[in-house]
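One structure below.
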Amino acid sequence: MNSAEEMLALKEHIEKERKTYEDEIHTLNNKLEMMTIAMQEKETTLHQKLVEVEARTAQTNEKFREYKDDVKKITKERQNYLKNERAYRDTEQRLTKERRKTADLQRRLDELKEKLAEHTQTPSCGNGES
């Protein structure tokens with residue numbers, strides 16, 4: 001083999017390697033592009049999920065605020081109810097006490113009327129009857 005043939009063989013070998021590397025570069029670029037597209041799709045999907053989760057969280061937070069407000073309202077209403085219940089019991093006790101007093105006074109009045117009636121029905125002694 002002479003040097004021209006060696007040069008030609010070397011040139012063919014280099015050309016084959018260059019073609020192999022170019023094919024590999026092309027394949028890797030295609031893979032990179034596909035991975036980039038897949039990554040973008042995953043990012044989009046994750047972003048959509050994040051938006052959904054944030055929306056549900058906001059909705060849940062709003063419901064929580066509403067429930068919290070309802071609990072405050074119910075607690076206040078319960079406090080008012082208990083206050084009114086105490087006032088009602090106090091009033092009932094005072095009314096019962098006043099009814100007892102009234103009954104006692106009525107009994108005493110009836111006793112006095114009875115005594116007065118007895119006194120007016122009995123003849124007076126020493127009025128100068130002849």
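Any read-out appearing in this document is the output of simple, stated calculations on the displayed coordinates, not a laboratory observation. What you see is a predicted model, and the numbers here were worked out from it, not measured in a lab.
Quick look at the values:
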| quantity | calculated |
| --- | --- |
| Per residue convex hull volume, Cα atoms of the chain, in Å³ | 104 |
| Euclidean distance of C-alpha centroids, the stretch 1-38 and the stretch 54-86, integer Å | 74 |
| For the stretch 13-88: Kirkwood Rh in Å [reciprocal of mean 1/r, alpha carbons] | 18.5 |
| For the stretch 48-93, the Rg and Dmax computed from alpha carbons only, in angstrom | 19.7, 67 |
